[in-house]
Amino acid sequence: QVQLVESGGGLVQPGGSLRLSCAASRSIFSIYAVGWYRQAPGKHREQVAGITSGTSIRYIDYVKGRFTISRDNVKNTVYLQMNSLKPEDTAVYYCKATDFGKDYWGQGTQVTVSS
């Protein structure tokens, strides 16, 4: 099993930056994949970015060039650096780990982009 705790959300003005953290309860070195998802009010949850144990990385088109996902295997943490934030990025952001065919979710962290 893996427990995940997200942090780093908050209120930021358009054009600003935030860095989200997803801390895992055990080593992430062997976890198959970790992804960042988001869910805005009234919308379906969507994957924003993902990274595998082999460091394969992918992003949805809307955040390419603005968001960067990375992992620190020593700190057992996956990060999502978000730059040039837009009001449309407002959502609850979740971290998900997939390991041996099972999905584990964190509790989410709110990101609000507003002036």
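At-a-glance table
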| quantity | calculated |
| --- | --- |
| Residue match in the range 88-99 (condition: over 11 Å from the mean Cα position of the chain (by Cα), at pLDDT below 90 and either among the acidic types (Asp, Glu) or assigned to a loop (DSSP other than H, G, I, E, B) (or both)) | yes |
| Enumeration of residues in the range 47-57 that are surrounded by fewer than 13 Cβ atoms within 10 Å (Cβ to Cβ) and either in contact with a Phe, Trp or Tyr (Cβ under 9 Å, 6 or more places away or on another chain) or not β-branched (Val, Ile, Thr) (or both) | Gly54, Ser56 |
| The listed residue being assigned to a strand (DSSP E or B), open to solvent by 70 Å² or more (accessible area, probe 1.4 Å) and modelled with pLDDT of 95 or more, out of Arg38, Arg19 | Arg19 |
| Among (1) open to solvent by 60 Å² or more (accessible area, probe 1.4 Å); (2) farther than 16 Å from Gln1 by Cα - the single one Val113 does not satisfy | (1) |
| Top-ranked residue in the range 58-86 [being open to solvent by 70 Å² or more (accessible area, probe 1.4 Å) and either under 19 Å from Ser30 (Cβ atoms) or not in a strand (DSSP E or B) (or both); ranked as modelled with the highest pLDDT] | Lys86 |
| All positions within the range 1-10 that are loosely packed, with under 14 Cβ neighbours inside 10 Å and farther than 11 Å from Thr109 by Cα | Gln1, Gln3 |
| Residue in the range 87-110 that is nearest to Arg38 (Cα to Cα), counting only those that are surrounded by 15 or more Cβ atoms within 10 Å (Cβ to Cβ) and small (Gly, Ala, Ser) | Ala91 |
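The values are calculated or read from the model by the stated rules, or taken from the named source; none is laboratory data. Note that the structure is a prediction, hence the values are computed from the model and not measured. Cβ: placed from backbone, ideal geometry, glycine included. Neighbour counts: every protein chain shown. Remember, those area values only see protein heavy atoms, side chains included, never the ligands or the DNA or RNA. Shrake-Rupley method; radii C 1.70, N 1.55, O 1.52, S 1.80 Å.
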